[in-house]
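Let me begin by presenting the structure, written as structure tokens, before commenting on it.
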Amino acid sequence: MGKAFGAVASVGAVATLYAMKKTWDPLPSVKAAGFTTLDMSAYEDNKLVTEKWRGKPIFVLKQSPEMVEYAKKKDELKRLIKVGNDYFMIVVGLCTHLGCIPGYRPERKDFLCACHGGQYDSTAEVTKAPPPRGLDIPPFKVDGMKVVLGEEGPEYKKMLQDGITLPV
């Protein structure tokens, strides 16, 4: 009788633990929201496109040849993401000072944060304080002509290691 009771209790305990684990796991819809795939062939030079990833605005700016030369001259090419033969600025569109959304000025090829006058260049590096650092780069993985946001590829890990961006 004791062994039968122990077996039934064991089965009940395992079922309870399994049910508890299922409630702790994120829903499939939540897991899917963690990744966003961008087709980089759709973007145009010097035209800012705002995407969305995990509820945050993501700025995508394809660099024109002049912008790439500027980045090389300022030693900021390391902040750009190379996909095929093109370079892209892909950043979280929130100012690193107070979290405002900077506006892009295509004629000047820079960003202006209206909250306190902070400015960023076309690589999202600070050109005028008060922001403490450039706009943050979200985790990404380059997959052919696509970029998957939310997945840490070798390029992103190198940026983290070199101190180009902070984890988001």
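Things worth noting here:
- Pair Lys74, Leu98: separation of 7 Å Cα→Cβ label points (nm): 2.3
- Across the chain, the relative contact order, built from alpha-carbon pairs under 8 Å that are at least six residues apart, equals 18 percent.
- Unit charges at the beta carbon, dipole of region 123-168: most positive-side option, Met145, Thr123, Met159: Thr123
- Taking a straight line from the alpha carbon of Lys72, these lysines sit under 22 Å away, with near neighbours fewer than eight places off in the same chain left out: Lys47, Lys62, Lys82, Lys109, Lys128, Lys157, Lys158.
- For the chain, share of DSSP beta bridges that run antiparallel, in % to the nearest 5: 95
- Counting only DSSP H runs of at least 4 residues, each contributing -39500 (n - 2.57), and dividing by the residue count of the chain, the helix-based mean residue ellipticity at 222 nm comes to -8500 deg cm²/dmol.
- One entry in [x] 1.23; [y] 1.06; [z] 1.09 is Rg/Rh (Cα atoms, Kirkwood Rh) calculated from the shown coordinates; its label is [x].
- Helix 2-24 axis versus longest C-alpha principal axis of the chain: approximately 20°, rounded to the nearest ten.
- What you get for the chain, charging only the Cβ of Lys and Arg (+1) and of Asp and Glu (-1), is a dipole of about 560 debye around the Cα centre.
- Annotation for Val14 and Leu166: the two label points, set 7 Å from Cα along the Cα-Cβ direction, are 4.7 nm apart.
Each value in this text was obtained by applying a stated rule to the coordinates, not by laboratory testing. In this text the structure is predicted, and so the values were computed from the model without any measurement. Here Cβ is always computed from backbone atoms with ideal geometry, including for glycine, and neighbour counts include all displayed protein chains.
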